[in-house]
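Novice: Submitted below is the structure of interest, expressed as structure tokens.
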Amino acid sequence: MTLGVLAVLAMLFIMFAGFWTDWLWFRSVKYSTVFTTTLWTKIGLFAVFGLLMTGAVGLNIWLAHRLRPPLSAMSMEQQSLDRYRMSIAPYKKWLLLGISVLVGLIAGASAAGQWKTWLMYVNGVPFGTKDPQFHMDVSFYTFDLPWYRFLLGFGFAAVVLSVIAATVVHYLYGGLRVTSPGARATAAATGHLSVLLGLFVTLKAVAYWLDRYGLAVKSSDFKAADNWTGLRYVDANAYLPAKTILVAIAAICAVLFFATLWRRTWQLPVIGFGLMVLSAILIGGLYPAIVQKFQVQPNEQAKESPYVQKNIKATRDAYGIAGAEVKDYPGVPQTEDRTKLRSAADTTASLRLLDPNIVSPAFQQLQQVKGYYAFPSTLAVDRYSGQDTVIGLRELNIGGIPKNNWINDHFKYTHGYGVVAAKGTTVKDGAPDFTQSDLPSKGMFGTDFEQRIYYGEQTKQYSIVGGPQKELDYSDDKGEKETSYQGDSGVNLDNPVNRAAYALTFSEPQILYSGAIGDGSRILYNRTPKQRVEAVAPWLTIDGAPYPAVIDGRIKWIVDAYTTTNGYPYASRTTLGQSTADSLTNSQRAVVAQENQVNYIRNSVKATVDAYDGSVDLYQWDTQDPVLKTWMKAFPGTVKPKSEIDKPLMDHLRYPQDLFKVQRELLTRYHVTDPQTFLSGSEAWAVPDDPTTKAGTAVPPYYLSMKMPEQKEKDQVFSLTTTFTPNERPNLSAFMSVNADPGTPDYGKIRILKMPTSKPPEGPGQVQSKFQSEPKIAESIRLLRGGDSEIEYGNLLAVPLDGGMLYVEPVYVRSSGLKYPLLRKVLVTYGNQTAFEDTLEKALNVVFGAEAPTTPVPPAQPPGEGTVTPPTNQDPTVKAALADAQRAIEDAEKARQSGDWAAYGKAQDEIKAALKRAIEAEAKATPPPSGG
């Protein structure tokens, strides 16, 4: 008994610990209303639907027992069940209660999981847009229909469970017979079960009615587009009428079941139910197939065009691409004056040479300082003083701690320290040109700001701070500096109940009794920016790339967050994980809820997380988004109005990458607005693979300051750009840019330059191949790769310039003795001109004819015009060596012409070896000069 009581108490405390630590955490971040609203909603749904299910099943069990026939009427079959009745008779009340409660608990738990659906239903805000088929506001499909479907599913479950329970009880007490002669069911059992079956068929009629509206948000396979959503010709002209007819048939069938109460026969309802099933097969299945085969397929484009037009409009509206501006672009230079082109290249874009995806090792080696610090593998691009800047935080690396133990991992090494930033457009001796560096960090941000980083992308373990155990702050030439956390973040561990709860939560009993925990000790956890924003706003989808910014003397993480739904009528769906994946995506940068399918998305919230105290602020960004307005009604006070975003923060906001990637994926097809062209697929595009890698993944979008061709008088604008290629072809089909600077009037404006289909310019893959196959460039790259050095290609930037496309790519070299890459060359191409120079300025000058190209240092070559002239009176050894050199020269020339640079390098080595043998043999054969 004692062990049993202790076991129950332990289970209760485990449940209490999870609840209590969650409450303490939400209270610590000042979002306790999110916790309480969610909790009470779940409790309310659990209680209501649990009681409804308990009542429904329990009532029907009681009613079946109440309607049992008298014992004298029992058959021989029922007499054999007497021992079962006798065994449960003393416990039938408890059995009735137990079964009812069990199904109620299951139903209540299922209903509690629908808390988001309920909150959206009761707080739904109209979209102000109606669907083209039923003329219902979009909110009906996004907020109301999901709740109606849940209610319908709950009703079906309640009826089916009631039928099963009632059938068992009727059989057990003689109301139903299986093997006995005579009537198979008593009149009472017949009436009871017929009413339940009538309710089931009534619910089926309601389901048919809702299915009519469900056609507007139904996904289907259609060659015009993946994840097609909405009605097509066969839906509007076959399925929709069929569903309406089936509603009437199901309603009639339900009436026949209810009529059994008076007729006491199953004949008519069984016939009616059979006709309903047959009608569902013929009208709901066969008839639409006939319409598709004989009406749609012979003239598909004409039949489907009106519905494709509805899908195009809805999809463009739902993904925020309806305002995308598509303009024709010549694709070839329009100005012959190359001097003007050279000048225009400087004013059109600030070409970023520092690739944030490659230079992280340089930050690591030059600015890591200690092994227990680390920078993210992909740095961030931001703007400071009007200049593109690559920025990263020196975060804590738990794996680099000299000695890992519980005190070191959770008490002493608790935070990172300092910001490191570098100019995006220039380098210094191939390395980043730092504008903020060292430890403590100093530079353009000064030193008078909070540099400690308690919350970051790499900070995933809990820390206990503020107590008797001092923390390591940072180390310098004078030794280690200690500190004690002064913020109000985290949960206080003064209370022994709190310590016990967290000891259980983190499976660490030392939290309960360790002397390192005392007055003022606080536990910090849920420390990544994405974790914190997702926790305080569980109804948001979080962007995969939070980025840091120095704002008003604080380091803030800026997190883009989205509102989504998959219930926008006629808008095609997309899978976030697939649409946002590119060559830089990893588990850390993946969008939260990446497997979700959505067909509506808005960047509705900008969130910030303070790197020191972990405070989370949510700001309303899209003031027109009905989904955000709905959630703001459900959780009042959690999202601040847009007007509270001050200018220092506004200066560092930007257009989010994941939204841009979703939009570009949709625009590969939905840039077309003509349904006939859309159906033909002749104008479909593709997102090209990243040419700088061999992984076969999509090229990532790039941030840079630039201006589009029509913005001739405007300054450069911080933008997010990408390219498109035709399906199955490598050339360029379009260039896409979005204004990513919120401080400008046309922020979020998408502009697409469409290339000519007759003579399209080269695409990214072709340009990369051109870089690597041009003989002089390839030879220079081979020389850079000498020894054990590795070549790394940076971001291939594309910029429209005077009708043509300017491509710029930094080339990094990582030598065998250096652990980080250095920028050594810049590749530039424009039109038919290509340059490979030490600096961007030089490369642009060469491409536009302002300077002559630099001649690469040639490899060792024998004298003459590609041949070896043998001397007279030749020694046999010398003769053989020169013959080998001649053959190697010929092999090298063949390899150069074919672009086989591995064979070319091997031939060059053979030339050197042959010439060395010839020189040594000649030296032996030549007598030494006589002395004076």
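The values are calculated or read from the model by the stated rules, or taken from the named source; none is laboratory data. Predicted model, so just to flag it, every value in this text is computed and none were measured. Here the Cβ is made from the backbone with ideal geometry for all residues, glycine too, and neighbour counts use every protein chain on show.
Novice: Could you grab me the full set of residues in the stretch 495-513 that are surrounded by 14 or more Cβ atoms within 10 Å (Cβ to Cβ) and out of contact with any Lys or Arg (no Cβ under 9 Å at 6 or more places or on another chain)?
Specialist: Result: N498, R499, A500, A501, Y502, A503, L504, T505, F506, E508, Q510.
Residue-wise test of (1) within 26 Å of W266 (Cα to Cα); (2) in contact (Cβ under 8 Å) with a residue 12 or more places away in the chain; (3) assigned by TED's automatic domain parsing to the domain that holds F258.
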position: T142; (1), (2), (3): no, yes, no
position: W147; (1), (2), (3): no, yes, no
position: Y173; (1), (2), (3): yes, yes, no
position: L199; (1), (2), (3): yes, yes, yes
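Novice: Would you call L354 within 30 Å of S815 (Cβ to Cβ), part of a helix (DSSP H, G or I) and in contact (Cβ under 8 Å) with a residue 12 or more places away in the chain?
Specialist: no
Novice: Right, here's the next one. Quick one: in the stretch 418-443, which of the residues that are part of a loop (DSSP other than H, G, I, E, B) and charged (D, E, K, R) is nearest to T505 (Cα to Cα)?
Specialist: Across the stretch 418-443, the extreme among qualifying residues is D438.
Novice: Has the stretch 328-350 got at least one residue that is over 30 Å from T229 (Cα atoms) and within 30 Å of the chain's Cα centre (by Cα)?
Specialist: Scanning the stretch 328-350 turns up at least one residue that is over 30 Å from T229 (Cα atoms) and within 30 Å of the chain's Cα centre (by Cα).
Novice: Now, a different point. Starting from residues that are more than 17 Å from L393 (Cβ to Cβ) and out of contact with any strand residue (DSSP E or B) (no Cβ under 6 Å at 6 or more places or on another chain), keep the ones in the stretch 553-569 and report whichever is surrounded by the most Cβ atoms within 10 Å (Cβ to Cβ).
Specialist: P569
Novice: A further question follows. Any residue at all in the stretch 901-913 that is touching a strand residue (DSSP E or B) at 6+ places or on another chain (Cβ under 7 Å) and modelled with pLDDT of 75 or more?
Specialist: No, the stretch 901-913 contains no residue that is touching a strand residue (DSSP E or B) at 6+ places or on another chain (Cβ under 7 Å) and modelled with pLDDT of 75 or more.
Novice: Taking K478 as the residue in question, decide whether it is among the basic types (K, R), farther than 29 Å from Y702 by Cα and either in contact (Cβ under 8 Å) with a residue 24 or more places away in the chain or touching a strand residue (DSSP E or B) at 6+ places or on another chain (Cβ under 7 Å) (or both).
Specialist: Judged against the criteria, K478 is not a match.
Novice: With the structure loaded, tell me whether A238 is of a type in the set (G, A, S), more than 19 Å from Y568 (Cα to Cα) and crowded, with 16+ Cβ neighbours inside 10 Å or whether it fails that test.
Specialist: yes
Novice: Follow-up. Hey, does the stretch 496-506 have a residue that's at pLDDT below 95, assigned by TED's automatic domain parsing to the domain that holds S377 and of a type in the set (S, T, N, Q)?
Specialist: The answer is yes; a qualifying residue exists.
Novice: Which of the residues belonging to the stretch 428-460 are among the β-branched types (V, I, T) and under 31 Å from the mean Cα position of the chain (by Cα)?
Specialist: Across the stretch 428-460, the qualifying residues are I453, T459.
Novice: Which count do you get for residues in the stretch 310-326 that are part of a helix (DSSP H, G or I) and within 17 Å of L667 (Cβ to Cβ)?
Specialist: 8
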